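Let me begin by presenting the structure, written as structure tokens, before commenting on it.
Values in this text are rule-based calculations from the coordinates and carry no lab data. All values reported here derive from a predicted model rather than from experimental measurement. We place every Cβ from the backbone using ideal geometry, glycine too, and count neighbours over all the protein chains shown.
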Amino acid sequence: MKLRYSAWLRDSLGRESEDIVLPAGIDNVGRLLDWLPTRDKRFESAFEYIDVVLVSVNREHAHRDHPVHDDDEVILAPPIAGG
């Protein structure tokens with residue numbers, strides 16, 4: 001799977017994207033979002049506010065029950081406010 005990070009997620013993780021192989025049992029967006037913060041302390045900190053992150057799978061908005069597969073592209077983008 002190709003994971004792409006935007007805004008403060010990209011800054012917190014120090015990378016724009018990465019390729020991963022999904023662990024067994026990670027088969028939808030919700031499980032992916034629950035698993036990512038368990039990877040290490042950096043991910044735990046970066047995903048502290050995961051509930052506000054917008055997710056797209058293969059460039060389509062996705063909810064927590066949307067399936068994910070190893071050949072998908074998942075973009076994690078926090079909402080951006082201006083002013």
For the chain, the dipole about the Cα centre with charges only on Cβ (Lys and Arg +1, Asp and Glu -1), to the nearest 20 debye, works out at 220
Normalised Cα Rg of the chain, dividing by 2.2 N^0.38 Å with N its residue count, works out at 1.01
Given 34-44, 68-78, the highest-first ranking by average Cβ count within 10 Å works out to 68-78, 34-44
Ranked from fewest to most other Cβ atoms within 10 Å of their own Cβ, Ile80, Ile26 fall in the order Ile80, Ile26
